[in-house]
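Comments concern the structure below.
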Amino acid sequence: MSRIGRMPIPVPKGVTVSIKEDGVKVTGPKGELHQHFHEGIVITLEDNVLHVTRVNDDRLNRSLHGLTRTLVANMVHGVTQGFIKDLEITGVGYRVEKVGNNLKLRLGFSHPVEVSPLPGVSLAVEGTTKIKVSGMSKEVVGEMAARIRALRRPDVYRGKGIKYAGEVVRHKAGKAGKGIGVKA
């Protein structure tokens with residue numbers, strides 16, 4: 001058995017879970033999420049605790065067991081607390097400002113870049129160099145944060161760009177012979 005797949009998922013108060021043949025729908029204070037799952041995985045609700053089991057020990061069902069349990073747990077967490085990804089902008093002249101629901105980023109290009117949020121995601125700005133991406137679905141929040149980061153990835157030589165909060169960017173040394181003045 002999968003160690004992760006065996007773990008029960010407690011359902012907090014205020015959250016309703018409806019299990020149907022085609023998938024699971026979780027409704028909570030922040031909203032509603034719906035997900036389809038493979039028919040080889042069975043999800044049951046007993047005494048406000050969700051259990052994920054598999055029909056048989058086929059290779060595919062074994063590989064999907066832990067994944068399905070994690071996805072259902074993320075749905076329950078998303079409708080109660082939500083998910084947040086923090087991004088930091090580093091670089092001289094690099095800044096962000098919020099214009100309506102969109103973000104206007106100045107990243108060293110000849111023009112500012114405007115980013116609109118995906119459905120179900122809200123964008124917030126703290127100061128001029130911090131972005132907070134939040135929403136119910138962990139998948140959509142991660143996708144939005146990755147799209148923003150992809151606009152200007154951190155440079156390994158200077159450290160300029162957009163990075164996740166807490167991400168460590170290893171700096172590379174430049175050319176060893178640069179600036180010595182040796183003529184060939």
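Quick note: the coordinates plus some simple rules give every number you see, no bench work behind them. Source: prediction; values computed, not measured. Reconstructed Cβ throughout: ideal geometry from the backbone, glycine too, with neighbour counts over all protein chains shown.
Worth pointing out:
- Net charge of the neighbourhood of Phe37, taken over other residues with C-beta under 12 Å away and scored Lys/Arg +1, Asp/Glu -1, is +1.
- Förster radius 30 Å - calculated FRET efficiency between Glu32 and Val99, Cβ distance, rounded to 0.05: 0.55
- Built from the Cα atoms of segment 83-164, the convex hull projects on average onto 5.0 nm², one quarter of its surface area.
- Net charge in the neighbourhood of Lys160 (other residues with Cβ under 11 Å of its Cβ; Lys, Arg +1, Asp, Glu -1) is +3.
- Percentage relative contact order, the chain, counting C-alpha pairs under 8 Å, at least six apart: 17
- Over 29 Å (Cα to Cα) - which of Lys104/Lys138; Lys104/Lys160; Lys138/Lys172; Lys30/Lys104 fall in this group: Lys138/Lys172
- Separation of alpha-carbon centers, segment 46-108 and segment 1-36, rounded to whole Å: 14
- Between helix 138-151 and the chain: long-axis angle, C-alpha atoms, 0 to 90°, nearest 10: 10
- The mean of 1/r over all pairs of different alpha-carbon atoms in the chain, once inverted, gives a Kirkwood hydrodynamic radius of 19.4 Å.
- Which of Leu64, Leu33 has the fewest Cβ neighbours within 10 Å, and the rest in rising order: Leu64, Leu33
- Distance between modelled label sites at Tyr157 and Leu60, nm, 7 Å Cα→Cβ extension: 4.9
- Ordering Val79, Val133, Val92 from the fewest to the most neighbouring beta carbons within 10 Å gives Val92, Val79, Val133.
- Taking Lys and Arg as +1 and Asp and Glu as -1, the other residues whose beta-carbon sits under 13 Å from that of His51 total +1.
- Per the Kirkwood formula applied to alpha carbons, segment 3-80 shows a radius of gyration over Rh ratio, Rg over Rh, of 0.95.
- For the chain, calculated [θ]222 nm from helices alone, where every DSSP H run of n ≥ 4 adds -39500 (n - 2.57): -7000 deg cm²/dmol
- Ordered by the count of other Cβ atoms within 10 Å of each Cβ, fewest first, Lys130, Lys163 give Lys130, Lys163.
- Listed residues His51, His77, His111, most fluctuating in the chain (Gaussian network, C-alpha, under 10 Å): His111
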